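Read the structure below first, then the notes.
The values are calculated or read from the model by the stated rules, or taken from the named source; none is laboratory data. Model, not experiment: these values are computed from the prediction. Here the Cβ positions follow ideal geometry from the backbone for every residue, glycine too, while neighbour counts run over all protein chains shown. The accessibility values were calculated without ligands, DNA or RNA, using every heavy atom of the protein model including side chains. Shrake-Rupley method; radii C 1.70, N 1.55, O 1.52, S 1.80 Å.
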Amino acid sequence: MASVTGLSGNEIYCMALKGYTPGELVVGNSVNSMGFLGSIGAGLNNILGGEIPQVTQAIQDGRMHAFSRMAREAQTHGASGVAGVSGNLRGLSGNTEFLFIGSCLHGASGAFFTSAGDAQELYCHMDAGYQPIHHVFGNIAYSMGVGGGLIGALKQLARGEISEYSDVFNKTRHKALERITQAAAADGANAVLGIRTTVL
């Protein structure tokens, strides 16, 4: 049976120069619920403002389950690594689905790796002397709270910066990046390449 890959022709060519051949498209998902008690706790934190640890942890756990399933599927195909790993979060009947998709690479020896970089990026990273280790992610769920939300809403009536909103986005992005760096350090990495951020 023919393999279905997410790699383009250019990516296949680039990986061939590094001793890899394209493999299967692999998928991992996990559908999660906050549960009744978790939703109550998150609701209280949402009113007060600040990080909502129940939601942050639920997102982290859901991503880890989905990512692990994708990696295990790749390993059952005998892959040496997975390139172009992308993650999505979708609402599903009141629950959240976490989804990871990537393209297997076969061939070169060494430890199994995962990378968010597409195969062309991966080729450039390898050519520059980097060895891919592990796709890492970090997140934070945060609420401005009732007070911050009201002040920010009132400031929208005038022209100029809304510092309450600016400060929240700045703080949360730095916290998420800090968590990405910690995850990379735990994997023994000395660099994190190709960071992508999403705000929902």
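Here are the numbers for the structure shown:
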quantity: Local electrostatic count at residue 138 - Lys and Arg +1, Asp and Glu -1, tallied over other residues with Cβ under 15 Å; calculated: +2
quantity: Rg followed by Dmax, in Å, when the range 51-118 is reduced to its Cα trace; calculated: 13.9, 43
quantity: Under-5 Å amide H pairs with residue 113, H placed in peptide plane, nonlocal only; calculated: 81, 82
quantity: In Å², nearest 10: area of residue 196 left accessible to a 1.4 Å probe; calculated: 140
quantity: FRET efficiency for residue 112 and residue 199, using Cβ-Cβ distance with R0 set to 35 Å, rounded to 0.05; calculated: 0.65
